[in-house]
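Structure record follows, encoded as structure tokens.
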Amino acid sequence: MYKYCEFRFKINSENNIYLLSDYIDRNISEDLSVDKLCSVLKVSRVGLYNISHKYFGISIAKYIRKKRVLLAEKYLSEHRLSVADGAKKVGIFDYNYFSKVFKKETGMT
């Protein structure tokens with residue numbers, strides 16, 4: 001006979017930060033809207049904002065934008081992709097927006 005063991009643990013912000021970070025990394029080129037992230041983590045918008053500010057020190061939108069720009073910078077330098085292709089690969093499909101954000105985050109055009 002098999003024994004059934006039930007493990008219960010509290011999902012808290014420390015657990016959620018790992019789930020959030022991992023989800024963002026694995027889905028960087030996909031829709032990472034606040035609503036989508038709240039749904040994935042099963043937290044409210046306020047809960048998501050609190051987690052983001054506590055662990056990242058910035059809003060979730062800024063964190064995702066920074067992650068996307070840093071990854072795009074890596075793609076552009078290592079893989080010799082065009083700017084448009086590098087932007088698309090990280091989930092930014094508007095070339096003009098990408099150029100503006102990239103310049104703001106890195107200081108480079």
Subject >> Degrees between helix 60-78 axis and first principal axis of the chain (Cα, 0 to 90, nearest 10) >> reply: 50 degrees
Original post:
To the nearest 20 debye, what charge dipole does the chain have about its Cα centre, counting +1 at the Cβ of each Lys and Arg and -1 at the Cβ of each Asp and Glu?
Top reply: 200 debye
**OP:** Please go through the residue pairs LYS42/LYS104; LYS42/LYS88; LYS36/LYS88 and name each one whose alpha carbons sit more than 30 Å apart in this structure.
**Re:** LYS42/LYS104
Subject >> Percent RCO, i.e. relative contact order, over the chain, from Cα pairs under 8 Å lying at least 6 residues apart >> reply: 21 percent
Original post:
Which is farthest toward the positive dipole end of the chain among SER52, HIS79, VAL69, measuring Cα position about the Cα centre, with Cβ charges +1 (Lys, Arg) and -1 (Asp, Glu)?
Top reply: SER52
Subject >> Residue-averaged 222 nm ellipticity for the chain, from DSSP H runs of 4+ at -39500 (n - 2.57), nearest 500 >> reply: -20000 deg cm²/dmol
Subject >> Net charge, ASN96 excluded, C-beta distance under 14 Å - Lys, Arg +1, Asp, Glu -1 >> reply: +3
Original post:
Once the dipole of the chain is set up with Lys and Arg at +1 and Asp and Glu at -1 on Cβ about the Cα centre, which of TYR23, GLY91, MET108 lies farthest towards its positive end?
Top reply: MET108
**OP:** For helix 13-26, report the angle its Cα long axis makes with the longest principal axis of the Cα atoms of the chain; keep it between 0 and 90° and round to the nearest 10°.
**Re:** 40 degrees
Original post:
Among (i) 12.3, 35; (ii) 14.4, 44; (iii) 17.3, 66, which is the computed Rg and Dmax of the Cα atoms in Å?
Top reply: (iii)
**OP:** Would you work out if region 13-69 is rounded, prolate or oblate? Take a ≥ b ≥ c from the square roots of the eigenvalues of the alpha-carbon gyration tensor; rounded if a/c is under 1.5, else prolate when a/b is larger than b/c, oblate otherwise.
**Re:** rounded
**OP:** Using the heavy atoms of the protein chains and a 1.4 angstrom probe, tell me the accessible area per residue for the chain in square angstrom.
**Re:** 72 Å²
**OP:** Quote the relative contact order of region 56-109 in percent (integer), defining contacts as alpha-carbon pairs under 8 Å separated by 6+ residues.
**Re:** 28 percent
Original post:
With the contact rule set at Cα under 8 Å and sequence spacing of 6 or more, what percent relative contact order holds for region 22-75?
Top reply: 28 percent
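The values are calculated or read from the model by the stated rules, or taken from the named source; none is laboratory data. Remember, predicted model here, so these are calculated numbers, not experimental data. All Cβ positions, glycine included, derive from the backbone under ideal geometry; neighbour counts span all protein chains shown. In case anyone asks, the SASA skips ligands and DNA or RNA and just uses the protein heavy atoms, side chains included. Shrake-Rupley method; radii C 1.70, N 1.55, O 1.52, S 1.80 Å.
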